[in-house]
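Everything below concerns the one structure shown next.
The values are calculated or read from the model by the stated rules, or taken from the named source; none is laboratory data. Keep in mind that what you see is a predicted model, and the values were worked out from it rather than measured. Don't worry about glycine lacking a Cβ; one is built from the backbone with ideal geometry, like all the others, and counts go over all protein chains shown.
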Amino acid sequence: MLVFVRDKSGQPLSFGTAANKVYCRLNTIILEFTVYLLHCVGHIPIHHIRRFFYRIAGMKIGGGSSLHMGIRLYNPKNISIGTDTIVGENSILDGRSILSIGNHVDIASEVMIYNSEHNIRSPLFESVSGKVMIEDYVFIGPRSIILPGVTIGRGAVIAAGAVVTKNVQSFSVVGGVPAKEIGKREDKNIGYVLGRANWFR
């Protein structure tokens, strides 16, 4: 029997399996093109326009929230952002699994939030995902990294440059690599509004 289609390891594929692989590949290419277009949109220097296109692409963005220039998005349909939240310049928001960002969250510049990574313990090096939940009134300092499966509790503070690998309790202050608790946010009666973002950032 002649086999015309094989997978990348040389194993023969049935017609149905091959058709499914082609379908998945086309969807991946469309998503990659969408992500590229949104990367281009991220350099338009008016946040109202950027937010408009992000919403068209499937992101849920609450009123008064703004995303500054240079943001990279992976699969925007899985990303939701509450009201009065600010995401700083050149940040990465990963939507390959659920990414939920609450209200009044302040995310500084160049923060990386990932919810998919490779399993380094597996011989197949396959990807594994875990949703990331960021609750209300969280502050994430510049160049912090949030890894898959993490929940950051209400009012928590992530210090600049921290690598968050596990859940952060509400009102905790964490820092370091990997991030550990270094303090507490004493005033738990918070209710501030971050306010209007600069138009041309």
*Please indicate, with yes or no, whether at least one residue in region 14-36 is in a loop (DSSP other than H, G, I, E, B) and surrounded by fewer than 16 Cβ atoms within 10 Å (Cβ to Cβ).*
yes
_Restricting to region 174-193, count the residues that are buried (at least 18 other Cβ atoms within 10 Å of the Cβ) and either at pLDDT below 95 or in contact with a Lys or Arg (Cβ under 9 Å, 6 or more places away or on another chain) (or both)._
2
_Residue under question is Ile98, and the condition is that it be surrounded by fewer than 20 Cβ atoms within 10 Å (Cβ to Cβ) and over 14 Å from the mean Cα position of the chain (by Cα); does it hold?_
no
*Going through region 124-149 one residue at a time, which ones are part of a strand (DSSP E or B) and either surrounded by 16 or more Cβ atoms within 10 Å (Cβ to Cβ) or within 12 Å of the chain's Cα centre (by Cα) (or both)?*
Ser129, Val132, Met133, Ile134, Phe139, Ile140, Ile145, Ile146
*asked:* Being touching a Phe, Trp or Tyr at 6+ places or on another chain (Cβ under 9 Å) and closer than 22 Å to Ile71 by Cβ is true for just one of Ile152, Ile134, Ile140, Ile146. Which residue is that?
replied: Ile146
*Tally time: how many residues in region 75-93 are in a strand (DSSP E or B) and in contact (Cβ under 8 Å) with a residue 40 or more places away in the chain?*
1
*Which of the residues spanning region 160-173 are under 18 Å from the mean Cα position of the chain (by Cα), surrounded by fewer than 19 Cβ atoms within 10 Å (Cβ to Cβ) and of a type outside the set (Lys, Arg)?*
Ala160, Gly161, Val163, Thr165, Asn167
*Of all residues in region 78-87 being in contact with a Leu (Cβ under 9 Å, 6 or more places away or on another chain) and not hydrophobic (A, V, I, L, M, F, W, C), which is farthest from Leu147 (Cα to Cα)?*
Asp84
*Any chance you could count how many residues in region 171-190 are assigned to a loop (DSSP other than H, G, I, E, B) and touching a strand residue (DSSP E or B) at 6+ places or on another chain (Cβ under 9 Å)?*
6
*Is it the case that some residue within region 39-48 is closer than 24 Å to Val128 by Cα and either surrounded by 14 or more Cβ atoms within 10 Å (Cβ to Cβ) or in contact with a Ser or Thr (Cβ under 7 Å, 6 or more places away or on another chain) (or both)?*
no
